[in-house]
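Here is the structure we will look at, set down as structure tokens.
The values are calculated or read from the model by the stated rules, or taken from the named source; none is laboratory data. Model, not experiment: these values are computed from the prediction. Heads up, the Cβs are rebuilt from the backbone with ideal geometry, glycines too, and the neighbour counts pull from every protein chain shown. With ligands, DNA and RNA removed, areas are computed over all heavy atoms of the protein, side chains included. Shrake-Rupley method; radii C 1.70, N 1.55, O 1.52, S 1.80 Å.
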Amino acid sequence: MKIVVKVGTSTLAHSTGCINIRHVEELCKVLSDLKNAGHEIILVSSGAIGMGIGKLSLKEKPTDMPTKQAAAAVGQCELMYAYDKLFSEYNHTVAQILVTGLDLEDPTRYHNIKNTMNRLLELNVLPIINENDTVNTDEISVGDNDTLGAIIAVSMHADMLVLLSDIDGLYTADPHKDPSAKLIDTITEITPEIEALGGKSRSGLGTGGMATKLSAAKKCIARGTDVVIANGSAPAVLYDIVDGKKVGTKFVSKEEIEIIL
Ligand code: GLU
């Protein structure tokens with residue numbers, strides 16, 4: 001299978017902005033093992049700004065662009081250093097790809113990014129993608145990595161996009177407020193009712209929320225890529241997800257529904 005895994009800041013870093021060693025170590029171990037089993041993996045990783053905040057000992061998430069960009073420049077190094085070190089332990093080579101919204105809109109640049117990624121996969125390298133936050137401004141950015149993950153998954157014809165976050169999946173109501181909220185395990189169509197469940201929630205140091213995940217899922221399932229939203233606090237769930245077991249919330253793509261029917 002070709003799998004795009006998007007991992008959010010809430011999984012990679014503690015609320016202090018410092019790296020969550022347990023989560024990151026486990027993620028690298030499981031992804032390495034899935035590669036060993038023959039799967040093609042592309043990682044879309046957030047965490048640059050979050051880890052920059054930690055490394056620079058900033059008290060809170062910056063709101064001004066220069067500090068955000070400075071934090072991203074510092075944090076992206078930290079992030080890639082950790083990935084390079086941990087994946088190397090399992091004999092896997094990583095590559096960093098940083099993109100902006102403009103790169104994805106421009107047909108030549110977009111084509112170049114896809115060519116590079118395909119070549120990296122042929123070379124058995126694990127591409128790790130993030131937005132190039134140091135040159136991004138609000139006008140030219142993709143905005144969040146759920147959307148970036150969906151764009152990459154669709155353009156690379158991935159079988160599956162897994163969105164790892166600090167929540168188990170999509171619930172029938174906000175589980176923080178409503179104790180009767182139930183996890184929805186399978187969704188075959190994103191109706192306005194489902195979309196309404198997305199709300200506008202944002203988590204700690206990250207950027208996305210359920211709304212961006214639902215819109216990412218919508219893009220993917222229309223183009224043949226399944227999407228799973230799962231909790232990143234135990235990356236070993238990726239084994240179950242790949243085995244087709246019920247984990248988190250799965251959005252089944254149109255193509256797969258046709259096969260089932
Ligand atoms: N590119 C941002 C970062 O690395 C994250 C964006 C997101 O979390 O959606 O900090």
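In the range 102-112, of all residues being free of Cβ contacts under 8 Å to residues at least 40 places away in the same chain and within 16 Å of the ligand (Cβ to nearest atom), the one that is surrounded by the most Cβ atoms within 10 Å (Cβ to Cβ) corresponds to 103. Evaluating residue 71 against the criteria (1) within 16 Å of the ligand (Cβ to nearest atom); (2) open to solvent by 20 Å² or more (accessible area, probe 1.4 Å); (3) over 20 Å from residue 43 (Cα atoms) leaves one unmet condition, (2).
Would you pick out the residues in the range 118-131 that are open to solvent by less than 60 Å² (accessible area, probe 1.4 Å) and touching a helix residue (DSSP H, G or I) at 6+ places or on another chain (Cβ under 8 Å)?
Answer for the range 118-131, where residues must be open to solvent by less than 60 Å² (accessible area, probe 1.4 Å) and touching a helix residue (DSSP H, G or I) at 6+ places or on another chain (Cβ under 8 Å): 126, 127, 128, 129, 130, 131.
Kindly indicate whether any position in the range 100-119 is closer than 24 Å to residue 10 by Cα and at pLDDT below 95. Within the range 100-119 (the criterion being closer than 24 Å to residue 10 by Cα and at pLDDT below 95), the answer is yes, since at least one residue qualifies. Of the candidates 85, 61, the single residue that is crowded, with 16+ Cβ neighbours inside 10 Å and not hydroxyl-bearing (Ser, Thr, Tyr) is 61.
Only one of the numbered conditions (1) surrounded by fewer than 16 Cβ atoms within 10 Å (Cβ to Cβ); (2) free of Cβ contacts under 8 Å to residues at least 40 places away in the same chain is not met by residue 36, and that is (2).
If we keep just the residues of the range 1-23 that are charged (D, E, K, R) and under 18 Å from residue 162 (Cα atoms), which is surrounded by the fewest Cβ atoms within 10 Å (Cβ to Cβ)? The selected residue is 2. So residue 181 ticks every box in (1) in contact with a strand residue (DSSP E or B) (Cβ under 6 Å, 6 or more places away or on another chain); (2) in contact (Cβ under 8 Å) with a residue 24 or more places away in the chain; (3) over 17 Å from residue 105 (Cβ atoms) but one. Which box is left unticked? The number of the failed condition is (2). Could you tell me whether any residue of the range 247-255 is in a helix (DSSP H, G or I), at pLDDT 95 or above and open to solvent by 50 Å² or more (accessible area, probe 1.4 Å)? No, the range 247-255 contains no residue that is in a helix (DSSP H, G or I), at pLDDT 95 or above and open to solvent by 50 Å² or more (accessible area, probe 1.4 Å).
With respect to the conditions (1) within 16 Å of the ligand (Cβ to nearest atom); (2) outside any loop (DSSP other than H, G, I, E, B); (3) charged (D, E, K, R), residue 61 falls short on a single one, namely (2).
Give the residue that is modelled with the highest pLDDT, with candidates limited to residues of the range 167-221 that are of a type outside the set (Gly, Ala, Ser), within 21 Å of residue 142 (Cβ to Cβ) and in a loop (DSSP other than H, G, I, E, B). If we take residues in the range 167-221 being of a type outside the set (Gly, Ala, Ser), within 21 Å of residue 142 (Cβ to Cβ) and in a loop (DSSP other than H, G, I, E, B), then 190 is modelled with the highest pLDDT.
Residue 41 satisfies every condition listed in (1) more than 16 Å from the ligand (Cβ to nearest atom); (2) open to solvent by 10 Å² or more (accessible area, probe 1.4 Å); (3) not hydroxyl-bearing (Ser, Thr, Tyr) except (2).
Would a scan of the range 24-32 turn up a residue that is buried (at least 24 other Cβ atoms within 10 Å of the Cβ) and in contact with a Ser or Thr (Cβ under 7 Å, 6 or more places away or on another chain)? Checked the range 24-32: no residue is buried (at least 24 other Cβ atoms within 10 Å of the Cβ) and in contact with a Ser or Thr (Cβ under 7 Å, 6 or more places away or on another chain).
Scanning the range 89-101 finds one or more residues that are assigned to a helix (DSSP H, G or I), on the phi < 0 side of the Ramachandran plot and more than 11 Å from the ligand (Cβ to nearest atom).
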